[in-house]
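**Student:** Encoded as structure tokens, here's the structure I'll be asking about.
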Amino acid sequence: MSRQINRRRFLGKSLQVSSGLAAAIYLGGSVRTSTSPNEKLNIAAIGVANKGRHNIDQLLEHNIVALCDVDENYLNEAAKIFPQATKYRDYRELLDKETNPFDAVVVSTADHTHAPATSAALQLGKHVYCEKPLTHTVAEARAISKLAARQKVATQMGIQIHADENYRRVVELVRSGAIGEIEEVYNWCNKGWSDGRFNPNSGPAPANLDWDLWLGPATERPYSDNLHPANWRRFWDFGSGTFGDMACHVMDLPFWALDLKSPTRISCEGPEVHPVGAPAWCRAIYEFPRHNKPTLKFHWADGGENFDFVKQAKDADGQPLSSWGLGILFVGKDGMLAADYGRRQLLPADKFKDFKAPEPTIAPSVGHWKEWTEACRTGAPTSCNFTYAGLLTETVLLGIVAYRSGTVVDWRADELAAHDNPAAQQFISKKYRKGFEVAGL
């Protein structure tokens, strides 16, 4: 919390979304609008440092009326910037008694608390912006998606790259048939969150940290000093390694471009499974059924251990595509399309040197955060609402289920079940400590 916030600074974009795009991207039905008497929303923030701080930064044209964080140091720093906001350590108190009425909630906690906090906010009829992955388990993703649709509130998952221009142009290229029918998709991210191991000799938690509240729904255990604030992603109890951290960002692009729903078969390989911490790398293969088309093979790799096909494929500069820090490769009958957050390349480059891209058909976003605030105020659409985000999150987390169970998962989406596979089914949901449950589970 070292930087000072300029209250008047607003970092969102101000482009307009066309009504055609609105109809195309909105999946969640009609939305209940804000009860604020003016154009500004009253927003409560759960998690106010690090990514939480970044999210708050994008919402400064609205009223930040409540702050919640289990770390008193972070909470007090945020309160210096928003002295009028009510402070809370426990999100359940914030969402139980509305001492300071608000319209919307931003959830920027560790992954294991996403669903409990989001569920409580949705039950109150609040609009919710939640960081990715939307939830920590597959069952939570389904429950949160259903609850949001039932409550008819504005929702958005934090995959901000979805709103950028490059992803839009890639979606148009794929759908225009530039590389023919898509046969396979490769996704990768070379970073690594791994080797989480509890430190049994950490002593008591520091006075600023409410350890019991930080654990939230997770199993009660002694304080470990290598979790908060930076390393919890390495531990299964709180995160899901690189897979859980990055796949929602990367897999979002082909998920959108190909209008994917639920896979039917998932396998995943990597180092020997450890009961506490995520692996240094893994590779997953999903199978997606397609109407009147062959099954789509859909790949994920992280930790730098990419698939041979990506290692051998060359970008426009002749470098292996696997050298890109992260990326997506669409393999079509007539060529390939590689992309990351800011690049897109039709390959092989020589074949497409005279290619003329189609005229843009997907209108610009007003900005990822502003999509949500406009939806709260007016009922306008969001592109990553919890219907879309729930399906994407389910898909990501199913890869982790396959890895942790060491099995091939035959997925029955309608039943929320890994068919005849108790080893995998045990990871579809989890138990909660009393007081931190998720509605519907």
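**Student:** All but one of (1) under 26 Å from GLN160 (Cβ atoms); (2) open to solvent by less than 40 Å² (accessible area, probe 1.4 Å); (3) of a type outside the set (Gly, Ala, Ser) hold for ASN50; state the number of the condition that does not hold.
**Tutor:** (2)
**Student:** Also, quick follow-up: Among the residues in the stretch 181-188, are any aromatic (Phe, Trp, Tyr), modelled with pLDDT of 95 or more and open to solvent by 20 Å² or more (accessible area, probe 1.4 Å)?
**Tutor:** Among the residues of the stretch 181-188, not one is aromatic (Phe, Trp, Tyr), modelled with pLDDT of 95 or more and open to solvent by 20 Å² or more (accessible area, probe 1.4 Å), which makes the answer no.
**Student:** Can you spot a residue in the stretch 274-293 that is among the polar types (S, T, N, Q) and touching a residue at least 24 places away in the same chain (Cβ under 8 Å)?
**Tutor:** No, every residue in the stretch 274-293 fails to be among the polar types (S, T, N, Q) and touching a residue at least 24 places away in the same chain (Cβ under 8 Å).
**Student:** Can you tell me which of (1) out of contact with any Pro (no Cβ under 6 Å at 6 or more places or on another chain); (2) under 18 Å from GLU394 (Cβ atoms) is the one VAL273 doesn't meet?
**Tutor:** (2)
**Student:** Let me ask something additional. Out of all the residues in the stretch 230-251, is one or more surrounded by fewer than 24 Cβ atoms within 10 Å (Cβ to Cβ) and modelled with pLDDT under 95?
**Tutor:** Scanning the stretch 230-251, I find at least one residue that is surrounded by fewer than 24 Cβ atoms within 10 Å (Cβ to Cβ) and modelled with pLDDT under 95, so the answer is yes.
**Student:** Just wondering, is there one or more residues in the stretch 395-406 that are without any contact (Cβ under 8 Å) to a residue 24 or more places away in the chain and either within 25 Å of ALA278 (Cα to Cα) or surrounded by fewer than 20 Cβ atoms within 10 Å (Cβ to Cβ) (or both)?
**Tutor:** yes
**Student:** Can you name every residue in the stretch 164-177 that is farther than 26 Å from GLY304 by Cα and open to solvent by 20 Å² or more (accessible area, probe 1.4 Å)?
**Tutor:** Of everything in the stretch 164-177, those that are farther than 26 Å from GLY304 by Cα and open to solvent by 20 Å² or more (accessible area, probe 1.4 Å) turn out to be GLU165, ARG169, ARG175, SER176, GLY177.
**Student:** Find the residue count for the stretch 246-283, including only residues that are in a loop (DSSP other than H, G, I, E, B) and not β-branched (Val, Ile, Thr).
**Tutor:** Number of matching residues: 15.
**Student:** Determine whether the stretch 110-129 contains at least one residue that is modelled with pLDDT of 95 or more, aromatic (Phe, Trp, Tyr), farther than 17 Å from ALA148 by Cβ and not in a helix (DSSP H, G or I).
**Tutor:** Checked the stretch 110-129: no residue is modelled with pLDDT of 95 or more, aromatic (Phe, Trp, Tyr), farther than 17 Å from ALA148 by Cβ and not in a helix (DSSP H, G or I).
**Student:** Output the number of residues of the stretch 120-143 satisfying the condition of being of a type in the set (S, T, N, Q) and crowded, with 24+ Cβ neighbours inside 10 Å.
**Tutor:** Final tally of qualifying residues: 2.
**Student:** Taking the stretch 282-303 as the search range and keeping residues that are more than 15 Å from PRO254 (Cα to Cα) and buried (at least 21 other Cβ atoms within 10 Å of the Cβ), which one is nearest to the chain's Cα centre (by Cα)?
**Tutor:** ASP302
**Student:** Still on this model: Considering LYS356, LYS370, which residue is open to solvent by 40 Å² or more (accessible area, probe 1.4 Å), basic (Lys, Arg), more than 30 Å from ALA417 (Cα to Cα) and part of a helix (DSSP H, G or I)?
**Tutor:** Going through LYS356, LYS370 in turn, the sole match is LYS370.
**Student:** If you don't mind, there's one more thing I want to ask. Just one of the numbered conditions (1) more than 23 Å from the chain's Cα centre (by Cα); (2) in a loop (DSSP other than H, G, I, E, B) is not true of ASN306; which one?
**Tutor:** Checking ASN306 against (1) more than 23 Å from the chain's Cα centre (by Cα); (2) in a loop (DSSP other than H, G, I, E, B), the one that fails is (1).
**Student:** Please enumerate the residues belonging to the stretch 162-220 that are in a strand (DSSP E or B) and under 30 Å from ASP252 (Cβ atoms).
**Tutor:** ILE182, GLU183, GLU184, VAL185, TYR186, ASN187, TRP188, CYS189
**Student:** Looking only at the stretch 199-207, decide whether some residue is under 30 Å from GLN160 (Cβ atoms), over 19 Å from the mean Cα position of the chain (by Cα) and in contact (Cβ under 8 Å) with a residue 24 or more places away in the chain.
**Tutor:** no
**Student:** While we're on this one: Among ALA110, ALA139, which is touching a helix residue (DSSP H, G or I) at 6+ places or on another chain (Cβ under 8 Å) and touching a residue at least 60 places away in the same chain (Cβ under 8 Å)?
**Tutor:** The match here is ALA110.
**Student:** Give the residues of the stretch 149-198 that are touching a Pro at 6+ places or on another chain (Cβ under 7 Å) and of a type in the set (Gly, Ala, Ser), sorted by residue number.
**Tutor:** Passing the criteria: SER176, SER194.
**Student:** Taking the conditions exactly as written (at pLDDT 95 or above and not in a helix (DSSP H, G or I)), does TYR403 satisfy them or not?
**Tutor:** So TYR403 fails the test.
The values are calculated or read from the model by the stated rules, or taken from the named source; none is laboratory data. Keep in mind the model is a prediction, meaning the values are calculated, not measured. As a convention, Cβ positions derive from the backbone with ideal geometry for all residues, glycine included, and neighbour counts pool all protein chains shown. Only protein heavy atoms, including side chains, enter the accessible area calculation; ligands, DNA and RNA are left aside. Shrake-Rupley method; radii C 1.70, N 1.55, O 1.52, S 1.80 Å.
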